[in-house]
Amino acid sequence: MANYDNFEIEDFLQDDSFIDWIFHENAESNAFWTTFLSDHPEKRTLIEKARAILISINVKPHDDQLSDAEINLRVKLIQDQAFRQVPDKQAPIVKIYQRQWFKTAAVFLVFISIGFVAYQILTKQDNRITQDVLNKLVKISNTSKKSKFVQMNDGSLAVLTPGSEMEFPSTFKGKERNVYLRGEAFFEVHKDHEHPFLVHSQNMITRVLGTSFTVKAFKNAAEFKVIVNTGKVWVYDQKTKPTAEKKDVVIVLTPNQQVTYNRNVLQFKKDTLMHPLLLSKEVADKELNFTNIPFSTVISKLNVAYGIQIEYNKQKLGDLRITALLAEHPLNEKVELICRAVNAKYRFADGRIIIEEDASTNK
Amino acid sequence: MEDSELWDLFRAGNQLAYTQLVNKHYKPLFNYGRRFCQDREFLMDCIQEVFYELWNRKEKISSTPSVKWYLFKAVRLRIFRDQAKWTKNEEITDEYNFLVEFNIESKIINDLEINDLSVKVKNILNALPPRQQEIMYLRFYEGLTLNQISEIMGITNQSLRNLLQKSYKSFRAEWISLLVFLPYLKFI
């Protein structure tokens, strides 16, 4: 240990064992410094000053602070991910409400909820994310090899490509409809001018009122993309929240345009597609309005347009001819219309679209 | 409840204890990571993955003297490892930024002499290079021990001490110049 007899304040400020004593008191260091002080009473003021300086060292908070609501949301996401029920064959089946932790957790939750609601009422701030917390988030991961069809409660639809996942509240509440996407999805958003629909992909936000577009935002990709089929879409970085004065930070896209967001340099690049998209209005009017066309052709056109695979009985339904104007309808209505035309039923199961002949009418 | 108790409960599979740990440490981890990670979403992904892995490996994890230290180490490692994956094609350098601005809580300081001194300490801290600032951040702000800091930063105890010596050297140099010039400045 150093010879402390000639120490000045600045020497103490650079002495590791002195600093350790200030920050991590323990019996050993206490004993040493108590003895030292009784041997060198003249050093007491020096040591007290050095101590005052050390404990007053603080750090200016980073510009980017998490709000409590954001933390709550993140904690919730971690919980959801960790506690996702994985069926365990060996474990005896105990009903969830009989488990001790559940009872404890239930009581706890009631308290937390009361506190949370009270906090909400008292503060009434930033209720965008908190509302999504109160409102259970539905998480859909597509680990299969086919695109999944996803319906949201506002009537909006998404086609989620393999290897992607998205989260959204079971019921949209509040001013905005917030959806979180990792990977790629095509969206057909139900029009609602009062409630903008926002797709969050890391810090890129795609904001629409009611249109169709694709977002590509795979976690490890250097570039994110947004491609517009119909309507108008806004894309921006969440750090630069658009305001009336700062409109230029927002990229506005119209049909058959795309924006590429380079994540390394945080820059947007906008360009127009060489070939119009199949689901853009001009092409859809030609391609998706059918007059006396075999059912199988209609299905394959839809499959190509949406990148999905509609399941149906080809032998029984394939050759039936139908007439249907589908261009202007969202995917679920398209399916409904063609089913009506051939007297079939459809159902959505686990992201798949299945068309079956109606057993009752066949007999 | 103490961290160590929560930690043991969590290792036994207690979901509430786990949630409390996440709740308690999320913000300090974010505040620390944000200083060298520019992408906040990526950072939050890293923190989430650390916690997720923790839950999945809970049977294999041993007890720890400091939960905070354990988590800081895990998150820092994850950020640097995943960042490297992204920037595979780019030149790998040892350099990184650590954005921090040290402050002195003036409430505690009311003595004029130590007030002057503390301003000097602040200036010196703010002039250190990133690596040394990270050490100071962990030491003075997060109150971690030198051993814990060297493990978090993935450097040997010896190189940590060398870095500290460097800091102290700049302390000394700064100090002398300040001691020489400051008294005169007051009279100007």
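The values are calculated or read from the model by the stated rules, or taken from the named source; none is laboratory data. Values in this document were obtained by computation on a predicted structure and should not be read as measured data. Because the Cβ atoms are built from the backbone with ideal geometry, glycine has one as well, and the counts that use them run over all protein chains shown.
Counting just the residues of the range A:278-295 that are touching a Ser or Thr at 6+ places or on another chain (Cβ under 8 Å) and part of a strand (DSSP E or B), which one comes out nearest to A:L326 (Cα to Cα)?
This residue is A:F290.
Please find, among B:M153, B:M136, the residue that is touching an Asp or Glu at 6+ places or on another chain (Cβ under 7 Å), modelled with pLDDT of 90 or more, under 30 Å from B:R81 (Cβ atoms) and among the aliphatic types (A, V, I, L, M).
B:M153
Go through the range B:136-151 and give me each residue that's hydrophobic (A, V, I, L, M, F, W, C) and assigned to a helix (DSSP H, G or I). Write out each step before concluding.
We begin by selecting, within the range B:136-151, every residue hydrophobic (A, V, I, L, M, F, W, C); these are B:136, B:138, B:140, B:144, B:146, B:149.
Of everything in the range B:136-151, those that are hydrophobic (A, V, I, L, M, F, W, C) and assigned to a helix (DSSP H, G or I) turn out to be B:M136, B:L138, B:F140, B:L146, B:I149.
Given the criteria assigned to a helix (DSSP H, G or I), at pLDDT below 85, more than 15 Å from the chain's Cα centre (by Cα) and not basic (K, R), does B:E90 qualify?
Here the answer is no, as B:E90 does not meet what is asked.
Cβ-Cβ distance below 8 Å, separation of 6 or more or different chains: which pairs start in the range A:10-33 with a residue that is hydroxyl-bearing (S, T, Y) and end on one that is in a loop (DSSP other than H, G, I, E, B)?
A:S17/A:M1; A:S17/A:A2
Filter the range A:56-75 down to residues that are more than 7 Å from every other protein chain (Cβ to nearest Cβ) and farther than 18 Å from B:N123 by Cα and give me whichever is nearest to the chain's Cα centre (by Cα). Walk me through how you get there before you give the answer.
Initially, the range A:56-75 is screened for residues more than 7 Å from every other protein chain (Cβ to nearest Cβ), giving A:61, A:63, A:65, A:67-70, A:72-73.
Now restrict to residues that are farther than 18 Å from B:N123 by Cα: A:63, A:65, A:67-70, A:72-73.
Details: A:D63: 23, A:Q65: 19, A:S67: 17, A:D68: 17, A:A69: 15, A:E70: 12, A:N72: 14, A:L73: 10 Å.
Result: A:L73.
Provide a single number: the residues in the range A:9-30 that are of a type in the set (F, W, Y) and at the interface with another protein chain (Cβ under 10 Å from one of its Cβ atoms). Spell out how you get there, then give the answer.
Step one: filter the range A:9-30 for residues of a type in the set (F, W, Y), giving A:12, A:18, A:21, A:23.
Okay, now just the ones that are also at the interface with another protein chain (Cβ under 10 Å from one of its Cβ atoms), so A:23.
Selection size over the range A:9-30: 1.
Counting only residues that are within 10 Å of another protein chain (Cβ to nearest Cβ) and under 19 Å from the mean Cα position of the chain (by Cα), which one in the range B:49-75 is surrounded by the fewest Cβ atoms within 10 Å (Cβ to Cβ)?
Among residues in the range B:49-75 that are within 10 Å of another protein chain (Cβ to nearest Cβ) and under 19 Å from the mean Cα position of the chain (by Cα), the one surrounded by the fewest Cβ atoms within 10 Å (Cβ to Cβ) is B:V50.
Quick grid of which residues meet (1) over 28 Å from A:N142 (Cβ atoms); (2) more than 14 Å from chain B (Cβ to nearest Cβ); (3) at pLDDT 80 or above; (4) buried (at least 17 other Cβ atoms within 10 Å of the Cβ):
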position	(1), (2), (3), (4)
A:T243	yes, yes, no, no
A:N256	no, yes, no, yes
A:M274	yes, yes, no, no
A:L288	no, yes, yes, yes
A:S296	no, yes, yes, no
A:N303	no, yes, yes, no
A:I310	no, yes, yes, yes
A:G318	no, yes, yes, no
A:A324	yes, yes, yes, yes
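Can we say A:I338 is in contact with a helix residue (DSSP H, G or I) (Cβ under 9 Å, 6 or more places away or on another chain) and in a helix (DSSP H, G or I)?
The answer is yes for A:I338.
Restricting to the range B:113-135, count the residues that are farther than 16 Å from B:R76 by Cα and either within 11 Å of another protein chain (Cβ to nearest Cβ) or outside any helix (DSSP H, G or I) (or both).
15
Give me the helices (runs of 4 or more DSSP H) completely within the range B:1-80, filtered to those with at least 1 residues that are modelled with pLDDT of 90 or more and touching a Cys at 6+ places or on another chain (Cβ under 6 Å), ordered by residue number.
Working: elements: B:3-11, B:15-33, B:40-56.
In the range B:1-80, B:40-56 are the helices (runs of 4 or more DSSP H) which contain 1 or more residues that are modelled with pLDDT of 90 or more and touching a Cys at 6+ places or on another chain (Cβ under 6 Å).
Look at A:Q151 and say whether it is modelled with pLDDT of 85 or more, surrounded by 11 or more Cβ atoms within 10 Å (Cβ to Cβ), closer than 29 Å to A:P330 by Cβ and more than 14 Å from chain B (Cβ to nearest Cβ).
yes
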